[in-house]
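Right, one structure below, let's go through it.
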Amino acid sequence: MLVCLAEDSFVRTFGDVGYIVSQLTKQDRIYDINGKIFLQQLTRKPQDINEIVNSLMKIYTGADREEIAGDFAEFVKELEADGFFVSGMTEDEITAKMPRFSYSKHDRKTAPLTALDVSPDSQATTEFLGRYFRNDPHLFAFQFELTSRCNERCRHCYLPGARDFHDMETELVMSILDQLRDMGTLKVTFSGGECLLHPDFIPILRHARENDLSVSILSNLTLLTDDMISAIKDANIDFLQASVYSMNPEEHDYITRLPGSHAKTITGLERLIAANVPVMISCPTMRKTYSSYKAVLDWAYSHGIKGYTDYIMMARTDGTTDNLDNRLTLGETESLLRDIIGYDIQYRTILDAGIAPSPLNPDEHVCGAGIDMMCVAADGEFYPCPGFQGWPLGNAHSQSVADVWNSSEAIKKLRAVKWRDFPKCMKCEAKPYCAMCMVRNLNETGSIFEVSKHFCDVAFINKRLVEEYRNRK
């Protein structure tokens, strides 16, 4: 019997913890030291199960071979049933059985959320890893700003319009990808600017997959070519996300300030769907377009993909706030939230799950920035997350990723921030309905500790409307 990892499965280890995740089914598993050792035996190349048992016998010296073989066979059987592994008598049989993404199968990867996606069980490993990384930070996810150039000039963008525009050196990108592989990073996101403007986007994408990284792409798709579609398909990405602001081309193009951008983005989405590339849509809502989100979600759902409405807007990374002129007023936010609760099946799925949020722990970190994620801008500057550019951590031209992650004084300072540093949030009754964010605070108020009153007001509106909905239910 031969066995190998499914193409969409990824294995990582953290100390004595073994982790396996499928970017196809969105399922994952956490294992102790023995499960970790079993996971480490599996590769993407089919192996004879007897050879794997031979390797295990060198680790478990003196153990009974039949017992080890039986335990490993049971381990593989359980995970194969959930699509993590594939077994067969020949490599051709494994190829034929290999699970692959397809819109025709209505895969959960792109389909709108169901109760299964938001059940307590689905949150268990996320919560475990969150606790684990807060005690032992691990660079789990990393985002590249491949280029600061963009062919759109979106009115709400958190990146300043007046800045130097250039591409990250390809050699530097490749080096960072190799460092991430060696550090056991799992997720990599390519963004910009507009990442498709980078002249070496395709070889960069290929190198990321050669390093066994799970890749996501953020793009407006207006520059998509046949060669790019082929490369994205071959890279077996986790997903590609594009923003659609309205199904009215004039409204969408008003936001992007690029005539014809709506038609190009929609065409790009249709071409990727036809190629069986997993995509999703974000729909940031602004004063000009906040009544237009329904048509965007309708389009997404009719094509079997996820669509998300986002009404939270962030000030620019240089501290300027004129982009917030496009942010919804509180009255418009309430109107939108009432509409979303009544219309958005994904949001209602989350509400109907009735999962009670855990009380805030004063000794826990506020978010994963600098704990399990980091990013790099096109100029080589490292930041905790893409919008957190008022908090530089180091520079890739003079420092390795590991040096910055392990030794940066700025990242140590960020890791020292805990919920206890936000006493108002600790006792706020609307906290479960809020998305307090240190970078939003920093960009809008100048301090990570000073929460914008707008976000507090929105949280209380959200709390009131959700409680009204649940009382009616």
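Based on alpha-carbon atoms, the Kirkwood radius and the radius of gyration of segment 422-473 give Rg/Rh equal to 1.07. Straight-line cross-link reach from Lys306 at under 17 Å between alpha-carbon atoms covers these aspartates and glutamates, not counting any fewer than eight positions away in the same chain: Asp107, Asp117, Asp238, Glu270, Asp298, Asp344. Geometric descriptor of segment 1-106, per residue, is 91 Å³ (volume of the convex hull of the Cα atoms). Atom-type composition of the exposed protein surface of the chain places 51 percent of the accessible area on carbon and sulfur (1.4 angstrom probe). Just need the Rg to Rh number for segment 41-87, please, alpha carbons only, Kirkwood Rh. Reported Rg/Rh, Kirkwood definition of Rh: 0.98. Identify all lysines with a Cα-Cα distance to Lys473 below 21 Å; exclude those on the same chain that are fewer than 8 residues away in sequence. The reachable lysines, counting only those whose Cα sits under 21 Å from Lys473, are Lys463. Along the axis of the charge dipole computed for the chain (Cβ charges of +1 for Lys and Arg, -1 for Asp and Glu, origin at the Cα centre), the listed residues Cys195, Leu180, Gly62 are led at the positive end by Cys195. The loop-placed chymotrypsin sites (Phe, Trp or Tyr not before Pro) in segment 121-217, going by DSSP, that have at most 13 neighbouring Cβ atoms within 10 Å of their Cβ come out as Phe165.
Along the axis of the charge dipole computed for the chain (Cβ charges of +1 for Lys and Arg, -1 for Asp and Glu, origin at the Cα centre), the listed residues Met89, Leu146, Gly307 are led at the positive end by Gly307. Computed over protein heavy atoms with a 1.4 angstrom probe, the accessible surface ordering of Glu93, Glu74, largest first, is Glu74, Glu93. The simple spin-label model puts a point 7 Å past each Cα toward its Cβ; for Thr43 and Asp310 those points are separated by 3.9 nm.
Couplings 3J(HN,Hα) of segment 189-203, computed from phi: 10, 9, 9, x, x, 10, 5, 5, 6, 5, x, 10, 4, 5, x Hz, in residue order, whole Hz [Karplus 6.51 cos²θ - 1.76 cosθ + 1.60, θ = phi - 60°; x for Gly and Pro]. Sorting the segments 370-380, 461-471, 11-21 by their mean number of nearby beta carbons within 10 angstrom, highest to lowest, gives 370-380, 11-21, 461-471.
Accessible area per residue for the chain, computed on protein heavy atoms with a 1.4 Å probe, is 44 Å². Under a Cβ-only charge scheme (Lys and Arg +1, Asp and Glu -1), can you give me the dipole magnitude of segment 168-306 about the Cα centre, in debye to the nearest 20? Charge dipole of segment 168-306: 580 debye, to the nearest 20.
Could you list, in their original order, any pairs among Lys233/Lys418; Lys187/Lys418; Lys105/Lys431; Lys26/Lys431 whose Cα atoms are separated by more than 30 Å? Check vs 30 Å cut-off fails for Lys233/Lys418; Lys105/Lys431.
The values are calculated or read from the model by the stated rules, or taken from the named source; none is laboratory data. Please read these numbers as outputs of a predicted model, since none were measured by experiment. When we count neighbours, we look across all protein chains shown, and the Cβ atoms used for this are built from the backbone with ideal geometry, even at glycine. Please note that ligands, DNA and RNA were not included when accessible areas were found on the heavy atoms of the full protein model with its side chains. Shrake-Rupley method; radii C 1.70, N 1.55, O 1.52, S 1.80 Å.
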